[in-house]
Amino acid sequence: MSRLGNRLEALAAAKRKALVPFVTAGDPSIEATVPVLHALVQAGADLLELGVPFSDPMADGVVIQKSSERALERGVNAPAIFAMVAEFRQRDADTPVVLMGYLNPIERRGWPWYAEQAAAAGVDALLIVDLPPEEASSVRALLNAHGLQLISLLAPTTDASRLALACAQAQGYLYYVSMAGVTGKDLAQSGDLSRRVGAIRATAPVPVYVGFGIKDADSAKACAAYSDGVIVGSALVSVLAECRTPELAAKAAVAFLQPIRAALDGV
């Protein structure tokens, strides 16, 4: 079984709600990225989503847009990101790493090269925001040939046919976007959201994690009540942006994530 499969199986067996933090590769600095990843695992992260900087991140709000801009200004590119993951793997052989990004940075390098390099570095899966599910079959086959999985996104606007297709093709976990719009907005808890996620969980063959708008222990605990786990991005990226050294960034990551871990463990 894959590293991601092993972790998801262990989470299910322990009835543990998954905590998945997102950080942008290269922000608050290139030197801080790997220490922050280790700190997040120390604080209770079960999986890690590493954002691939892109100049036009259409699904991201201002916080992550700015983090991408800063990372790009530092020269962060695909080889740099794979080097970060490979360095992380020197001390952590178990925690799954998912690269989250957009089509353009991959297609300019070429899918075969990108998949080969990602697998060699120790990446476990890719989540491509602007890859339509109807066009994902060939990409999925290529990634799978390199031992990588393709994570699918769902949103409140996903219609029944696309939902069925996403569930049929699902690998790893499903990322449910809690609201229409971009990252960084406040999460509006509602019965509709819990019913929607509950219905998807009833049919999906993989866990369903909720992201967008989760920024603290309270919002994470509320979402975990009806999902298999939560994804925390903009709030964490915002905290890290203020850190001037890798040591401060690692400490900030632990301080931010530990209360959320404790809240999830209480669900």
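Each reported figure results from applying straightforward, stated rules to the coordinates on display, with no laboratory input. Treat the numbers as computed from the prediction; the structure is a model and nothing was measured. Glycine also receives a Cβ, built like all others from the backbone with ideal geometry; neighbour counts cover every protein chain displayed.
Cβ crowding within 10 Å, taken as a proxy for footprinting-reagent exposure, orders E134, E31 from fewest neighbours to most as E134, E31. Sequence-ordered 3J(HN,Hα) estimates for segment 143-149 from the Karplus curve with 6.51, -1.76 and 1.60 and θ = phi - 60° stand at 4, 4, 5, 9, x, 9, 10 Hz, glycine and proline given as x. Calculated [222 nm] ellipticity per residue, helices only, for the chain: -15000 deg cm²/dmol; basis is -39500 (n - 2.57) per DSSP H run with n ≥ 4, divided by all residues, nearest 500. Classify segment 2-49 as rounded, prolate or oblate from the Cα gyration tensor: take a ≥ b ≥ c as the square roots of its eigenvalues, call it rounded if a/c is under 1.5, otherwise prolate when a/b beats b/c and oblate if not. Here segment 2-49 falls in the prolate category. Relative to the current alpha-carbon distance between A168 and E31, full extension at 0.36 nm per residue lengthens the span by 45.3 nm. Sorting R109, R7, R195 from the fewest to the most surrounding beta carbons within 10 angstrom yields R195, R109, R7. If the Kirkwood radius is taken over C-alpha pairs of segment 112-153, then at 10 °C and 1.306 mPa s the Stokes-Einstein diffusion coefficient equals 154 µm²/s. Give me the Å³ per residue figure for the convex hull around the C-alpha atoms of the chain. Once divided by residue count, the hull of the chain is 112 Å³. If you find the alpha carbon centre of segment 103-170 and of segment 57-92, how far apart are they in angstrom? Centre-to-centre (Cα) distance: 18 Å.
Ordering E69, E107 by the number of other Cβ atoms within 10 Å of each residue's own Cβ, fewest first, gives E107, E69. Site pair A13 and A255 shows an inter-label distance of 3.7 nm when each label is modelled 7 Å from Cα along Cα→Cβ.
With the alpha-carbon atoms of segment 1-99 aligned to their principal axes, the span from lowest to highest coordinate is 42, 29, 23 Å, starting with the largest. Evaluated with a Cβ-only charge set (Lys, Arg +1; Asp, Glu -1), segment 16-265 carries a dipole of roughly 340 debye about its Cα centre, given to the nearest 20. Cross-link check: pairs K15/K251; K66/K251; K17/K221 evaluated at a Cα-Cα cut-off of 19 Å; pairs beyond the cut-off: K15/K251; K66/K251.
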